[in-house]
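Below is one structure, written out as structure tokens, with a few remarks after it.
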């Protein structure tokens, strides 16, 4: 026969809930731990950055043209982040997004600069850039699905390939499209 032994718990059981020392957070801790609190933290950080910009650059920062420029450039990352959200929700990862975007812009710019298209309108550039991104996505998908390569490695390889191809095509120089 074996003797039963009981081990006392490290913390006494309290009928009123967890002890104040452990497990309870203050009002600020609970608020920041919630979803709304995290969003509030981002809004506060954004306001702090806006304040720093307004103090250091003055009228130039709060100028309407500057605000529109900031929104215009931020929209690019907004669109990319929406696409990446779907990839992450699906349980994947895509490291090549930035490099493929760069390759698409290089190919679209070269298409217009070298008059490879009859029309040099912005629509041609958009279609070419989307086609390059789609082709890179198809290659990534085939390598991951049929090649049984881990998404991390496949997209890392595409990152290097797209960046290298963009550098070769652009000859490491900035191309400017003049209207």
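The values are calculated or read from the model by the stated rules, or taken from the named source; none is laboratory data. Just so it is clear, the model here is predicted, and its values are computed rather than measured. We place every Cβ from the backbone using ideal geometry, glycine too, and count neighbours over all the protein chains shown.
With the requirement that a residue be assigned to a helix (DSSP H, G or I) and touching a residue at least 60 places away in the same chain (Cβ under 8 Å), what does the stretch 55-99 give you?
Filtering the stretch 55-99 for residues assigned to a helix (DSSP H, G or I) gives 55-57, 59-62, 64-89, 97-99.
Correct list: 98, 99.
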Output for the stretch 143-152, where each listed residue is exposed (fewer than 15 other Cβ atoms within 10 Å of the Cβ) and touching a helix residue (DSSP H, G or I) at 6+ places or on another chain (Cβ under 9 Å): 147, 150
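Against the definition (modelled with pLDDT of 90 or more, over 30 Å from residue 170 (Cβ atoms) and part of a helix (DSSP H, G or I)), how does residue 49 come out, yes or no?
Working: modelled with pLDDT of 90 or more: yes; over 30 Å from residue 170 (Cβ atoms): yes; part of a helix (DSSP H, G or I): yes.
Yes: the conditions hold for residue 49.
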Sole exception among (1) modelled with pLDDT of 90 or more; (2) under 26 Å from the mean Cα position of the chain (by Cα) for residue 32, by number: (1)
One residue from 155, 85, 62, 69 being under 30 Å from residue 46 (Cα atoms) and within 15 Å of the chain's Cα centre (by Cα): 85
